[in-house]
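Notes follow the structure.
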Amino acid sequence: IRTLDDLDASGTAVGVRVDINSPLTDDGQLADDARLRAHVDTLSELTERNARVAVLAHQGRPAGDEFMPLSAHARRLDELLDAPVEYIDATFCKAARDRIEALENGSVLVLENTRFYSEENMSFDPASAAETHLVDRLSMVLDVFVNDAFAAAHRSQPSIVGFAERLPSFGGRVMERELEALGEIRERPSPRVYVLGGAKVDDSIEIAETVLQSGIADTVLTTGVVGNAFLHASGVSLGAETASVVTSRARDRLDLAADLLERYPERIQTPVDVAVERDGERVEHSIESLPVEQPALDVGQETIDAYTEVFEAAGTVVLNGPAGVFEDERFAVGTTELYSGATDAGFSIVGGGDTAAALRQLGLSGFDHVSTGGGAALALLTGEQLPAVTALDSKT
Ligand code: 3PG
């Protein structure tokens with residue numbers, strides 16, 4: 001891909017797609033700014049080189065709790081960047097285009113959440129993406145496009161794959177760094193162990209299938225809601241609360257999870273115990289003593305011990321998603337201990353926006369690479385081509 005080294009930025013209107021999709025508090029404030037800080041290099045470089053920068057980004061998914069405007073993100077970017085940062089609650093209408101045209105050299109305008117528009121929530125091939133309203137209208141006022149949204153590079157959404165068809169397009173600094181660190185997974189030492197946790201259950205089940213089938217992973221360890229989903233699929237009755245979280249998060253992928261457990265019984269591990277809250281305390285339950293009324297909020301100690309043993313013999317460990325509700329100290333045990341244990345492996349890679357937030361909050365470090373991407377990092381780590389990169393490459 002072409003990078004910022006190939007771009008003559010001065011005076012140009014640059015559309016920069018970033019991924020600042022972040023954990024939020026209930027009132028829409030940022031609970032973590034790691035992804036915003038990651039993009040400071042690219043944005044500062046552009047403003048220092050006198051570009052006029054329009055920032056495109058999404059937050060959450062329609063109907064989700066974190067589907068919010070980008071006003072808080074813009075305020076934080078204003079603090080993080082030396083350049084002036086403004087925000088407009090519009091993405092590609094005339095008001096937004098006029099503001100882009102009026103941008104001064106070296107200044108930044110954050111446009112509204114791209115996913116507030118229906119087309120952005122669909123997948124397109126690049127040529128069709130180029131015809132969407134968002135790409136079409138913004139291409140009228142942008143001179144070039146920079147894709148720095150590595151964390152969304154696995155999506156074929158208009159703002160990710162459409163602009164390369166219309167404008168000279170470049171990869172930003174985050175994109176460049178991530179592709180370098182994650183591009184050669186098959187060259188990393190084996191055994192390779194993938195630890196899949198967090199709440200993006202549907203994606204994780206598909207990832208498990210790919211890495212097991214292709215031999216990229218020797219073993220998959222499951223934690224978090226993903227672990228609960230595999231347990232549920234294996235026929236363990238977890239209790240009504242956990243079951244309802246699992247089924248809403250797994251969408252139609254539970255059958256695939258059950259199928260994988262049958263095909264790879266030796267290579268997928270599921271938690272052997274879980275932690276719940278009872279009378280304000282963390283209480284652990286072995287799988288045999290389920291179902292339990294309270295929701296499963298973390299993996300238990302026996303699971304931690306079993307997984308840590310796997311890490312000790314691993315050449316490469318890939319971690320994605322927290323093992324439990326780490327925001328609550330009582331249920332951060334699994335995440336803290338498993339992530340610390342993984343640094344003992346030959347090479348450790350952490351993926352995931354929420355995961356990076358968990359690391360910061362829990363003060364965990366010592367990994368060989370911490371990615372800003374969750375699904376995108378895993379797509380690359382499953383040997384897939386990223387649509388964003390394909391789009392950038394095709395026009396180079
Ligand atoms: C992420 O958090 O993985 C990216 O921002 C993409 O979000 P999505 O899974 O909602 O497309």
Inset, instruction - Using Cα centres only, tell me the gap between region 324-396 and region 275-298 in whole Å. - result: 27 Å
Legend entry - Placed amide H near Gln269: partners under 5 Å, 5+ positions off or other chain: Val220, Leu221, Thr222
Inset, instruction - Please work out the Kirkwood hydrodynamic radius for region 239-396, using every pair of different C-alpha atoms, and report it in angstroms with one decimal place. - result: 17.3 Å
Inset, instruction - Please arrange Tyr339, Tyr117 by counting, for each residue, the other beta carbons lying within 10 Å of its beta carbon, fewest first. - result: Tyr117, Tyr339
Inset, instruction - Work out the FRET efficiency for Ala258 and Asn50 from their Cβ-Cβ distance, taking R0 = 45 Å, and round it to the nearest 0.05. - result: 0.20
Inset, instruction - Calculate one ³J(HN,Hα) per residue across region 134-146 by plugging θ = phi - 60° into the Karplus curve 6.51 cos²θ - 1.76 cosθ + 1.60, and present them in order as whole Hz with x for glycine and proline. - result: 4, 6, 4, 5, 6, 5, 5, 10, 9, 8, 9, 10, 10
Inset, instruction - Calculate one ³J(HN,Hα) per residue across region 226-240 by plugging θ = phi - 60° into the Karplus curve 6.51 cos²θ - 1.76 cosθ + 1.60, and present them in order as whole Hz with x for glycine and proline. - result: 4, x, 5, 5, 5, 4, 4, 5, 7, x, 6, 8, 8, x, 4
Inset, instruction - Note the full-extension length gain between Ser340 and Ser71 as 0.36 nm times their separation in residues minus their Cα-Cα distance, in nm to one decimal. - result: 93.3 nm
Inset, instruction - State, to one decimal in nm, how far the label point of Gln294 lies from the label point of Ala102, with both points 7 Å from Cα in the Cβ direction. - result: 5.5 nm
Legend entry - Most fluctuating residue given options Val201, Val245, Val108, as computed from a GNM of the chain linking Cα atoms under 10 Å: Val245
Legend entry - Sparsely packed GluC sites (Glu not before Pro) within region 181-276, loop by DSSP, other Cβ within 10 Å at most 11: Glu184, Glu266
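Based on other C-beta atoms within 10 Å, arrange Leu238, Leu362 from fewest to most.
Exposure proxy ranking, most exposed first: Leu362, Leu238.
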Inset, instruction - Would you pull out the residues with amide H under 5 Å of Val55's amide H, same chain only if 5 or more places away, H placed 1.01 Å from N? - result: Val16, Leu109, Val110, Leu111
Inset, instruction - May I ask you to sort His369, His58 by Cβ crowding, counting other Cβ atoms within 10 Å and putting the fewest first? - result: His369, His58
Legend entry - Taking the chain and dividing mean pair separation by its residue count, relative contact order in percent (alpha carbons under 8 Å, at least six apart): 16 percent
Legend entry - Helix-only [θ]222 nm of the chain, DSSP H runs n ≥ 4, -39500 (n - 2.57) each, per residue, nearest 500: -10500 deg cm²/dmol
Inset, instruction - May I ask you to list the GluC sites (Glu not before Pro) in region 92-180 that are in a DSSP loop and have at most 12 other Cβ atoms within 10 Å of their Cβ? - result: Glu104
Legend entry - Helix axis angle, 353-362 relative to the chain longest principal axis, alpha carbon, degrees: 70 degrees
Inset, instruction - Note down the magnitude of the dipole of region 235-393 about its Cα centre, charges +1 on Lys and Arg C-beta and -1 on Asp and Glu C-beta and zero elsewhere, to the nearest 20 debye. - result: 500 debye
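Calculate the FRET efficiency for Val283 and Ser214 from the Cβ-Cβ distance with a Förster distance of 45 Å, rounded to the nearest 0.05. Working shown, then result.
Values: r = 39 Å, r/R0 = 0.87.
Efficiency, rounded to the nearest 0.05: 0.70.
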Inset, instruction - Considering the options Val292, Gly334, Gly346, tell which one lies farthest towards the positive end of the dipole of region 288-346, charges being +1 on Lys and Arg and -1 on Asp and Glu at the Cβ, about the Cα centre. - result: Gly346
Inset, instruction - State whether the chain is rounded, prolate or oblate according to the following rule on the C-alpha gyration tensor (a ≥ b ≥ c being the square roots of its eigenvalues): a/c under 1.5 gives rounded; otherwise a/b larger than b/c gives prolate, and the remaining case gives oblate. - result: prolate
Inset, instruction - Write down the percent of antiparallel bridges among all DSSP beta bridges whose residues are both part of the chain, to the nearest 5. - result: 20 percent
Inset, instruction - Please build a GNM for the chain, connecting alpha carbons under 10 Å apart, and tell me which residue among Ala127, Ala357, Ala13 fluctuates the most. - result: Ala127
Inset, instruction - Would you mind telling me the antiparallel percentage of the DSSP bridges in region 190-345, rounded to 5? - result: 40 percent
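No value in this document is a laboratory result; all are computed from the given coordinates. Bear in mind that the values here come from a model prediction, so they are computed numbers and not experimental data. Backbone-built Cβ (ideal geometry, glycine too); neighbour counts: all protein chains shown.
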